[in-house]
Amino acid sequence: MYVGWADRFAVLLADQLPVSGPTDNTAHGDFRYANLAVRGRLLDQIVDEQIPRAKELAPDLVTFCAGGNDIIRPGTDPDDVAERFERAVADLSGAVGTVMVTTGFDTRGVPVLRHLRGKIATYTAHVRAIADRYDCPVLDLWSLKSVQDRRAWDGDRLHLSPEGHTRVALRAAQVLGLDVPADPDQPWPPQPPRGTLEGRRDDIHWAREYLVPWIGRRLRGESSGDHVEAKRPDLLPLKH
């Protein structure tokens, strides 16, 4: 099963919560965790599909990561997306415990997305301001330098690699003041230098295998998450 940063963050949370009473094989006592996220969802889809369920579950903590897929689409206005994001945060804040909001990544080293860096930075500034207004902790991924390394990203250069997910989870735990087993910003092991020709060959492969299909889906109004449902829609015990 796909294990993203939120799944890894849940384990870090559960490991540091006090256990009350017998736990059988659940290992984490009363801790329960749901994951409503679906890859590729736009902000309005998240508001329509996920926020009502999150309010119904009424957990102590919600991590809210939304708007990034809107921002990288042509013609979107970060100010407009931020206004809709704030309405969602206000709605959630009144119904659940703590809402941790997530900023965008710094895309300075990402082909194609580097040209949207200013737009992403504008949206990130809005997210931080909204967090201040609603007293939300901020998972600031823009400042997480370790995820600017190519090894933090999957082959599509749009989604995190397993190690990238681990680093984001560690930073999320740090934001809440938890002890973490490793520094999310620790340097990556050194790699041998890459030649210009090798880099261009990789870029051509990436464009053919990932960029062209991604553009095609955008033009058709499709997403990689279409027909996908949340893998963990209920608050369930976290097992070994």
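The values are calculated or read from the model by the stated rules, or taken from the named source; none is laboratory data. Computed from a predicted structure; not experimentally measured. Cβ sites come from the backbone with ideal geometry, for glycine too, and all protein chains shown count toward neighbours. Just so you know, the surface numbers come from the protein's heavy atoms only, side chains and all, with ligands and any DNA or RNA stripped out. Shrake-Rupley method; radii C 1.70, N 1.55, O 1.52, S 1.80 Å.
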(request) Treating the angle as unsigned and between 0 and 90°, give the value, to the nearest 10°, between the Cα long axis of helix 117-134 and the longest Cα principal axis of the chain. (result) 20
(message) Over the chain, what is the relative contact order in percent, taking alpha-carbon pairs closer than 8 angstrom and at least six residues apart?
(response) 29
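Packing-wise, with mean Cβ within 10 Å as the measure, how do 63-69, 144-150 rank, highest first?
Working: 63-69: 21.6, 144-150: 16.9.
Ranked by mean Cβ neighbours within 10 Å, highest first: 63-69, 144-150.
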(request) Give the angle, between 0 and 90 degrees and rounded to the nearest 10, that separates the Cα long axis of helix 162-175 from the longest principal axis of the Cα atoms of the chain. (result) 50
(message) As a test question: what accessible area, to the nearest 10 Å², does TYR33 have when a 1.4 Å probe is rolled over all protein chains in place?
(response) 30
(message) Around ASP140, under 9 Å between beta carbons, what's the net of Lys plus Arg minus Asp minus Glu among the other residues?
(response) +2
(request) Send over a whole-number figure in Å² for the accessible area per residue of the range 125-240, probe 1.4 Å. (result) 62
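At 222 nm, what helix-only mean residue ellipticity would the chain give, in deg cm²/dmol to the nearest 500, using -39500 (n - 2.57) for each DSSP H run of four or more? Before the final figure, lay out the partial values.
Details: 9 runs with 96 residues, N = 240.
Computed ellipticity for the chain at 222 nm equals -12000 deg cm²/dmol.
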(request) Return the percentage of antiparallel bridges among DSSP beta bridges fully within the chain, rounded to the nearest 5 %. (result) 40
(message) Just to be sure I follow: if Rg is taken over the C-alpha atoms of the chain and Rh is the Kirkwood radius over the same atoms, what is Rg/Rh?
(response) 0.97
(request) Compute the relative contact order of the range 135-240 as a whole-number percentage, counting only Cα pairs closer than 8 Å that sit 6 or more residues apart in sequence. (result) 21
(request) Calculate the dipole size of the chain relative to its Cα centre from +1 charges on Lys and Arg beta carbons and -1 charges on Asp and Glu beta carbons; express the result in debye to the nearest 20. (result) 860
(message) Considering only protein heavy atoms and a probe of 1.4 Å, how much of the accessible area of the chain is carbon and sulfur, as a whole percent?
(response) 53
(request) Obtain the nm distance between the two label points defined at LYS145 and ARG73 by a simple spin-label model: each point lies 7 Å from its Cα along the Cα-to-C-beta direction. (result) 3.5
(message) Let me check something: with ligands and nucleic acids excluded, how do GLU86, GLU229 order by accessible area (1.4 Å probe), largest to smallest?
(response) GLU229, GLU86
(message) Order 163-169, 37-43, 7-13, 200-206 from most to least packed using the mean count of other Cβ atoms within 10 Å.
(response) 163-169, 7-13, 37-43, 200-206
(request) Mind pulling up the Rg/Rh value for the range 33-85? Radius of gyration and Kirkwood radius, both on Cα. (result) 1.00
(request) Report, ordered by chain and residue number, the lysines lying within cross-link reach of LYS231, taken as a straight Cα distance under 27 Å and ignoring same-chain residues fewer than 8 apart. (result) LYS55, LYS239
(request) Calculate the spin-label point distance for ARG108 paired with VAL212, positioning each point 7 Å from the Cα along the beta-carbon direction, and give it in nanometres. (result) 3.2
(request) Measure nothing but the geometry: give the 0 to 90° angle between the long axis through the Cα atoms of 78-93 and the longest principal axis through the Cα atoms of the chain, rounded to 10°. (result) 10
